[in-house]
């Protein structure tokens with residue numbers, strides 16, 4: 001049998017090695033992820049409103065999220081011009097929720113990276129470069145994977161929508177990280 005003294009020493013060692021983050025670091029991490037989710041929500045809302053505006057002007061409100069939901073959840077089968085489609089609110093809501101989640105995650109990661117770069121300015125340029133590459137990757141990936149969907153849009157509207165969303169997301173995070181310095 002183990003002695004009570006030995007068990008106490010082992011419990012203390014286990015407690016010491018599994019201790020949680022110090023309070024200050026936990027609060028800072030929570031603030032970073034909260035800011036990222038807010039920024040991501042702003043970016044997602046901007047892009048959704050942009051396409052709602054374009055769809056509304058074309059006389060087919062919500063056709064973009066419906067078309068993207070069809071391409072994503074049904075494999076692109078059954079893509080038809082917006083004038084000939086019966087809108088599925090379920091597909092619109094499902095795609096919009098997934099779209100928001102992707103932007104919230106992207107905002108959380110961006111905020112975390114900017115938090116790191118605030119403490120180490122040499123990382124700032126890398127974060128900026130990663131952002132540009134990710135934006136290019138999203139647009140390039142969409143052109144390769146969702147070709148039938150992109151034929152239904154003019155690609156400049158996709159580019160402008162993503163740039164507007166990026167400006168909102170980036171602008172919010174830039175204001176939330178005032179000590180951010182970028183060294184090349």
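Can you sort 55, 35 so the residue with the fewest Cβ neighbours within 10 Å comes first?
Arranged by neighbour count, lowest to highest, 55, 35 become 55, 35.
Subtracting the Cα-Cα distance of residue 57 and residue 132 from their residue separation scaled by 0.36 nm leaves 24.0 nm. What the Cβ-Cβ distance of residue 155 and residue 181 gives, at R0 = 30 Å and to the nearest 0.05, is a FRET efficiency of 0.30.
Here residue 49 and residue 119 are evaluated by their C-beta separation; at R0 = 25 Å the FRET efficiency comes out at 0.10.
Based on the mean of other beta carbon atoms within 10 Å per residue, what is the order of 89-97, 169-177, 41-49, most packed first? Don't skip to the end; give the middle numbers.
Working: 89-97: 15.2, 169-177: 18.0, 41-49: 19.9.
Top of the packing list down: 41-49, 169-177, 89-97.
Available extension along the chain between residue 163 and residue 25 is 46.4 nm, counting 0.36 nm per residue and deducting the alpha carbon span.
Coordinate-derived values only; no laboratory data. Keep in mind the model is a prediction, meaning the values are calculated, not measured. A quick note on method: Cβ atoms are made from the backbone with ideal geometry, for glycine too, and the neighbour counts reach across all protein chains shown.
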